[in-house]
Structures are given as structure tokens and as C-alpha cells.
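Below is one structure; the comments refer to it alone.
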There are 2 protein chains.
Amino acid sequence: MDEKVLIELVSELFDKKEYAELRKILIGIEPHDLAKLAERFDKKELPIIFRLLPKELAAEVFVEMEPDMQEDLISSFSDKELEAMLEELYIDDAVDIIEEMPANVVKRILSSTDSETRGFINEILKYPKDSAGSIMTVEYIRLDKAMTVADAFKRIRRVGVDKETIYTCYVTEPDKTLTGLVTVKHLLLADEDSIIDDIMQKNIIYVNTTDDKEHVAREMSKYDFLAIPVVDGENRLVGIVTVDDAIDVLQEESTEDIQKMAALTPTDKPYLRTSVFEIWFKRIPWLMMLMISATFTGTIISSFEDALSKMVILAVFIPMLMDTGGNSGGQAAATIIIGLSLGEISMSNILKVIWKEIRVALLCGITLAAVGFGKAIFIDKADVLTALVVCSTLIVTVVSAKLLGCTLPILAKRIGFDPAVMSSPIITTVVDVLSLLFYFGIATAILPQLQ
Amino acid sequence: MDEKVLIELVSELFDKKEYAELRKILIGIEPHDLAKLAERFDKKELPIIFRLLPKELAAEVFVEMEPDMQEDLISSFSDKELEAMLEELYIDDAVDIIEEMPANVVKRILSSTDSETRGFINEILKYPKDSAGSIMTVEYIRLDKAMTVADAFKRIRRVGVDKETIYTCYVTEPDKTLTGLVTVKHLLLADEDSIIDDIMQKNIIYVNTTDDKEHVAREMSKYDFLAIPVVDGENRLVGIVTVDDAIDVLQEESTEDIQKMAALTPTDKPYLRTSVFEIWFKRIPWLMMLMISATFTGTIISSFEDALSKMVILAVFIPMLMDTGGNSGGQAAATIIIGLSLGEISMSNILKVIWKEIRVALLCGITLAAVGFGKAIFIDKADVLTALVVCSTLIVTVVSAKLLGCTLPILAKRIGFDPAVMSSPIITTVVDVLSLLFYFGIATAILPQLQ
């Protein structure tokens, strides 16, 4: 059904209070779409709609909502309703929600869960932000290696309904050490009497609770896993991360990279729901810092005022030199940031990278200089010496820009920063200073007018 | 085992020709890691290693290799070996490989497959690049709605081994129209005698063969699907896309966005395996275009040579104005590009976006101008009027940069371009021109020295 038609139909049924009919329509819609639809209703209407949904679907829709709507809904719930809904939530989803709520709501949520769930939630909340532990779920299927395939299916049927995935099952020793895994595909294709120990996979790729969540997501994408086990320092299985959460991590990460590369403080709040003041607050620190740094460039110009007033034509080439330097550096930085994030480049490759970038930079610099020389002579009517100054500055600038662009992200990563911060805006600012120093340095050395 | 230790051990066993021992170690390694390991061996050694692997694993490793290694291997294969390996490949993987091979290799591959597979491969090759059809696989499990759950399991056990996923099964009418789906989780939790028609999900989210592959990946990530059905114009099921391929599409897309935003021609070839000349070729067109555009900025400066020679201090503020304009525009562009790519912003929001950006730009502009004014007076020792010229230019520049930054990506998308192209480098170049025009315009209007 078309989205607009659906919204009209739902609103109409709601206004006429034809709730039975409305319910029938709502239960056919995917949770994500229901959450979007719910945004059309106001604070008072929302709980009515919500109560029409079957418990399980209601919980799935709740998970897909924006934090402010979740908060409104929770405050409209009776204690009993809240309890019922929390029971339906997967623990990792409950943790995600708790992390977005104000303290009083968190308190109410925690006091509405049973003590076992509360224990799990607190356990996960303890892991550092961005760690594997913080995004894992404890709801997975555990098998014993002495079980037969038939036993395994019995257990899956018994406990599977509450598990986030049943398709990969994990085999542990009594002390919870991870020793094997078996997929439902293997179970289905195996003989009913086979022993798990004989059919399970024993070389297991796993992650540690303290590993970075991006590392977890990359491992899963590399090996095409639907889930990956998370173990603690003693190799005991404590949880799993499922592929849907890995996708979210990868998407968040690339969004953050783009934001950092454009001198923005990262946020995952949708643009249209972010206030003007919040947007200003995310943008102004970087703009201010870069503006103040850019005034150094101005200082260089002012220290060469004499040269400039003797030969105003020199000023004509300043924007071109600065922009080309910034773009060259930005290209190298973006290439290296991508390589680092895909794991293709690391600190150990830095010399190879530098050598490659020097050659690329020389090729680029010479090509640009050749075209720039022609343009300076024929279009800007500069004399040959001035054109030579511009072109040699261009080559030196491009080479140093590419060198900075390729080394700064690697060094940033080496000392524990996100390489994406060392991208175009910062490199541009540094290269601006360099290019002007080269420019006026070469000019005063070569041009007779400036002697 | 540590990677270095593993490589040494494998090399040692290989050199000593202890192939039985070597094989035991190799079969315990994940295909992706084996493909990386294989890069350590040369053209002659590789086929020997490869022949040690069991057929199925060999095929999985082959899929993970870089195209040039695949080509080397294929040329070392006998026709029989090639045939055996192609039989093990999933059809979508075979298509991916074929797309990277030169014509003579493609011919050899196609003549080594049986006619049914060749038919499927040709079918998929016909779909436009970047369409859902081009990334789908035809190896899925189809059920009839009259089947019982027990029948369904029988079919899964019989045909499942060759299917890319067995966890989502699709129900079609005899004319292949898609009518339902059922997951293995539902099958396992249902009664053995239940009829598929009664337990299957009938509201199905699907994509069309001609839909863009990014749309497919976003739908799957939105709804947390492990697979999504692909139908043709008559609603007949022709294939499925699995979540591992969706992740690849999302990653490729964000890499491409970052590349375009840094004025690079997109490529998915690993940096260290790309030749200097190829890298140059990906970078020089944009650098050249932007350098030539930047000379317009120079032309503006030269047309105000008079003003500049009267008041050289004006040149001091040029880099700061240009950089701040570029950064402000780049921030807005990146924000909007992310919003467009996540589907949060569309053409219909353009007025809302513009109104929001105007307010943010005014806030940013005024904050920057206040700091800039203080700095111009106290540090650069400019007079009050000059400082006022700089600050008002700053505000006008930031506002126009943010306006361009938010509208250009939306307009680019509207006319069918990738919005990521309209990012920092291009916006910087346009804003440079604008900021200088504003600057000299305001200066000549206000400053008595220039009258």
C-alpha cells in the first residue's frame, strides 16, 4: 500500500475509533514502518495506538522508535504495562534504550525488570562504550558437546523463541569455556543421531568483550558471519553479537568518518530532528579552531607585504596554490583513511605508503605545473620567471601536501586518535601555511624585482 | 595461532613438501584468511597449495582472492579442475568473478559450466550494473503453500546443501508469483503437521530486479533481514539477495562517498595493489579541474589589484575568509549528504533544510565574526573600519557557503547525480569566488582609503 494512502486510512480509522479494523491493518506492517507511522500521532494518541498491538510486535516497534518518543511512551505506561513490554525486549535492545533515557526513567525501567534480567543489563552496562561487550546480547543458544543432533533440536525448540538468533549455536564446557559451534544448516543436514562433538566446528573466530565494536563488525563482515561469539579474559562465552547490530556499527562508523572528515562533531541524531542550536554547537568549535589557525596564513602574507606591494601579480596565484595544495592533501588523506579503516594499511606499511605517495605527488605536481605554466604565461600574462616561481611552488606544495595527507592519518591512529580527524580541513590549514612559505621563499630567491 | 607463526609454519611445511601435515593445518583456517595467506606464494607454488584443499573449501578461498590471483589460478587449472571448482561456486559469486576477468577467461569459464548454470549466469549478467538483479543469487529454497512443516524440512534437507541461505524459505504459486515466506526459526517452533499456508508471513517486503543495489541493502538493514526476495515486473520470484552481499554494498557505497567527497574517482582496488600511474589517473582530473576553477578566484584578486596595492593589509584576511567559507560549506554539504544517503532528507524537505541552515549559518557567522573582530583589532592591529569589513564579509560568506552546501547536494540528487560529488572541494572553489567578491565589494563601498 502506498505510504500516504496508509497514513490517511490509519488516521481515519483512528478518528472513527474503529480499533478492531485498525488493529488488523497494523499487525500486517513491519515494525520499522510502524515506528515511522507512529511519529504522525501526538503524545496522547500514541499510547492508544500502541495498546492495539500484540505484545511482541509492540516491543519490536518500540525498539525502532526515536528516544524522545520512547520516553513519552514509557511515561504513559502503567508499571504493569512497562513490565510486560520489557519482558518482550531482547536484552541488548533494552540496554540501547536505557543508554538514551534520563536517570529517573532508567530507574523506573530497572525496577520493572526481574532480577535476572536486571543482572544481565547491569553486566552489559559495565562494559566500556564502543566495546564488543556493550553491543552483545546474552540471549544465544548453548549446546553440550555430548548431545545428539536430535537433542540439539529439542533444546532449540524449547528455548529458541526468546533467542535473538537460533541459526548459530555455541558449544561450551561446563565451566563455560567456548569449544565449538554448529549452525542450524549443519544440524539440519546431519544425521539425527550424530553427536555434536563430531560435527561441530572447532576452529572458532571469536572476539573479546573489550575489543572495539568496529573490530567486531569488520570481522563479521570479513568472514560473512551471522553472529560472532564474545568471550571474556578466561575464554568463557559471555554473549554474541548478531549481524544486524554489526551492520548498524558499520553504518555509524562510516557516517562518523564522513562527519569528522568534514570538521563536524559526530552525532547520530537525524538532521531534521536536531535543533538549530545543537547543530551550531556541533559545528562552531571546528570552524573557530580552523579560522584561528587560518589567520597564521594571514600573518605570513603580512610578513611579505613588501614583496606583495612590489609585485601585486603574486597575489593572483595565492588562491590557486592554496586550493590545489588542500585538495591534493585531502585526496591522499581520504585514500589512507579508507585504507586504514578497511585494514589494508597499517603503521607497518608507512614507508611503502610514503614512497608511493611521493611518486604520485611528483606525477600530479608536474602535470599541474605544466598546465599552470601555460596558463600563467598566456592567460595571466605573467613573465616567464614569475610563471616558473608559481610552477615550482605548485610541485613542492603538492608533494608536501600528499606527504602530510598520507602520514598524518597513520600517525593519528598510531597514537590512538581516529585517523578521520586528520583530513581535508586540518591538512588544508597546514598546507596553506607551507604553500605560502614556499611561494614567497622561492619568489624572493628568484625574482629580480624582489631583490 | 599468531599470523606470523602461521605463515612461517606453512612455508616450512611447503618447502619440506610435507603436504599431508600442511593440509591438516590449512583446512582449519577460515577461507578469507587462507586467501590472504595465499598471497605469500608465487604463481607456481599457488596451484600446489590450492590442490591440497578439499573442493568446497578451495572454492570458498577462490571467491575471497583478488582478481589477478584468480586469473593466475584459472590459467593453471586443467579444464577438469576448472569445471570441478565452478560446480562448487554459488552463482552470484561466479558472476562477480566473471565480471572481473578478461574476455578469453570468461569464455573458458562459461564453456566449463553446465548449460543450466550458464543460463543462470547469463541471466544475471544481463541486469544493469548496480541493480538488484546483478547482485542476487538464484540459489534459494522454494516451498509450496500446501506443504506441511515436515515436508518443508524434507525439502530443505534434500536441496539445502547447495543453497546460499536456508534460513528464509520462499513460497510461490505454480506461476512463480511470490506469495509468502517462512523462516527456519518459525518452522522449528511450529508443529510438524502445520500447513505452510497457515504459518507463512504474507505481507512481504521485496525488491525489484531493476532497483538500485543500494536501495536493496538499505531495505535489508532497515528491516534487519538476512535475505530479501527479488521479483521481476510480473511479481515472479527470480532470486534473493543475502545479508553478506548487502553489507558489501553498504561498505562499497560509503567508501565511494568518502572518495567522491575528497575529489577522488572511486575505486575498490586496495591501495597497496594499485600502481602509481593508476592512482595518478584517479586523482589528476579533479585536481586539474579544481586548479583551473581556482584561477577564477585569482582573476578576481587581479581585478582588485588597485585596492590591494592601496591597502595591502586586506590581503592578510584573504586565506582566513576563503578557508572559513570552504569549511562552513563543507560542513553543511557533509551533513546533507549523510541525511540524503540515510533517507532522512529528500527533495521535499529542501525548504525546511534551507531555513534551518540559514539560522545555523547566522549563529555560526556571528560567533566567528565576534572573535574575528577582536583578533583583527588587537592582534592584526587593523583599524575598526577594516575589522568591520572583514567581519561582515565573514557573516555573508558563511551564510552563502552554508546555503550552497545544503542545496547543491539535494539538487545534484534531483537531477540524477551522486550528491557526494557536491562536497567540500567544489563548494570551496565556488565559495572562494563569492567570498572575494563580497570582500572587495564591501571594502570598496566602506573604506575611505579606497574611494
Report summary line: For B:Tyr206, the residues 5 or more places away or on another chain with a placed amide H closer than 5 Å to its own amide H are none
Report summary line: Under Stokes-Einstein, the range B:3-126 at 4 °C and 1.567 mPa s, with its Kirkwood radius over C-alpha pairs, diffuses with a coefficient in µm²/s of 86
**Report entry** Exposure proxy order (Cβ contacts within 10 Å, fewest to most) of B:Ser293, B:Ser424, A:Ser221, A:Ser115
**Finding:** A:Ser115, B:Ser293, A:Ser221, B:Ser424
Query raised in the report: When N is the residue count of the range B:283-450, what does its C-alpha Rg come to as a fraction of 2.2 N^0.38 Å?
Result: 1.10
Query raised in the report: Stretch A:Val159-A:Glu305 to full length: gain in nm at 0.36 nm per residue minus the Cα-Cα span?
Result: 44.7 nm
**Report entry** Residue closest to axis [chain A; rotation mapping onto B; Cβ; Å]
**Finding:** A:Ser254, 2
Query - Positive dipole terminus of the protein assembly as shown, leading residue within A:Ile27, A:Ala361, B:Gly119 (C-beta point charges) - result: A:Ala361
Report task. Would you work out which of A:Ala376, A:Ser423, A:Pro448 lies farthest towards the positive end of the dipole of chain A? Charges go on Cβ: Lys and Arg +1, Asp and Glu -1. Result -> A:Pro448
**Report entry** Nm distances between copies for A:Arg118, ranked from closest, using label points 7 Å along Cα→Cβ
**Finding:** 6.9
Query raised in the report: Contour minus end-to-end for B:Asp144 and B:Ser75, with contour as 0.36 nm per residue of separation and end-to-end as the Cα-Cα distance?
Result: 20.5 nm
Report task. Starting from a label point 7 Å past Cα on the Cβ side, list the distances from A:Gly441 to the same position in the other copies, nm, shortest first. Result -> 3.8
Query raised in the report: What size of dipole, in debye to the nearest 20, comes out for the range B:293-451 about its Cα centre when the only charges are +1 on Lys and Arg C-beta atoms and -1 on Asp and Glu C-beta atoms?
Result: 400
Report task. Taking each pair of different alpha-carbon atoms in the range A:112-208 once, compute 1/r for the pair, average those values, and report the inverse of that mean as the Kirkwood hydrodynamic radius in Å to one decimal. Result -> 14.7
Requested in this report: Would you please give the residues with an amide H less than 5 Å from that of B:Ile141, counting only those at least 5 places away or on a separate chain, with H modeled from the backbone geometry?
Outcome: B:Tyr170
Report summary line: homo-copy label distances at B:Asp198 (7 angstrom along Cα-Cβ), nm, one dp, ascending, are 3.6
**Report entry** Those GluC sites (Glu not before Pro) in the range B:195-263 that DSSP places in a loop and that have at most 15 other beta carbons within 10 Å
**Finding:** B:Glu234
Query raised in the report: Once you charge only the Cβ atoms, +1 for Lys and Arg and -1 for Asp and Glu, what is the size of the charge dipole of the range A:232-363 about its Cα centre, to the nearest 20 debye?
Result: 560
Report summary line: If amide H atoms are modeled at 1.01 Å from N in the peptide plane, then the residues at a separation of 5 or more from B:Thr179, or on another chain, having amide H under 5 Å from its own are B:Val171, B:Thr172, B:Glu173
Requested in this report: Can you tell me the relative contact order of chain A? Whole percent, Cα pairs under 8 Å, sequence separation 6 or more.
Outcome: 11
Query raised in the report: Which loop trypsin sites (Lys or Arg not before Pro) in the range A:1-86, with loop taken from DSSP, have no more than 14 other Cβ atoms within 10 angstrom of their Cβ?
Result: A:Lys16, A:Lys17, A:Arg40, A:Lys43, A:Lys44
Query raised in the report: By how many degrees, between 0 and 90 and to the nearest 10, does the Cα long axis of helix A:3-15 differ from the longest principal axis of chain A?
Result: 50
Report task. Compute the distance in nm between two label points, each set 7 Å from the Cα along the Cα-to-Cβ direction, one at A:Lys24 and one at A:Glu12. Result -> 1.5
Query raised in the report: Using a simple charge model, +1 on the beta-carbon of Lys and Arg, -1 on the beta-carbon of Asp and Glu, nothing else, what dipole does the range A:277-344 show about its Cα centre, in debye to the nearest 20?
Result: 100
Query raised in the report: Which of A:Leu178, A:Met291, A:Val396 sits closest to the plus end of the dipole of chain A, meaning its Cα is farthest towards the positive end, when Lys and Arg get +1 and Asp and Glu get -1 on the C-beta?
Result: A:Val396
Query raised in the report: For chain B, what is the Kirkwood estimate of the hydrodynamic radius, computed as the reciprocal of the mean inverse distance between distinct Cα atoms, to one decimal in Å?
Result: 26.9
Query raised in the report: Do any GluC sites (Glu not before Pro) in the range B:125-207 lie in a loop, going by DSSP, with at most 16 other beta-carbon atoms within 10 Å of their beta carbon, and if so which?
Result: B:Glu192
Report summary line: Note, the range A:312-321: 3J(HN,Hα) by Karplus (6.51, -1.76, 1.60, θ = phi - 60°), whole Hz, Gly/Pro = x, goes 5, 4, 4, 4, 4, 8, 4, x, 5, 5
Query raised in the report: Taking 0.36 nm per intervening residue step and subtracting the Cα-Cα distance, what contour gain separates B:Asn235 from B:Glu278 on full extension?
Result: 11.2 nm
Report summary line: Quick calc, A:Arg40 & B:Glu56: beta-carbon distance into FRET formula, R0 60 Å, rounding 0.05, result 0.75
Query raised in the report: Short version: ³J(HN,Hα) in whole Hz for each residue of the range A:248-257, in order, from phi by Karplus 6.51 cos²θ - 1.76 cosθ + 1.60 (θ = phi - 60°), x for Gly and Pro, what are they?
Result: 4, 4, 4, 5, 4, 5, 6, 4, 4, 4
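Coordinate-derived values only; no laboratory data. All values reported here derive from a predicted model rather than from experimental measurement. We place every Cβ from the backbone using ideal geometry, glycine too, and count neighbours over all the protein chains shown.
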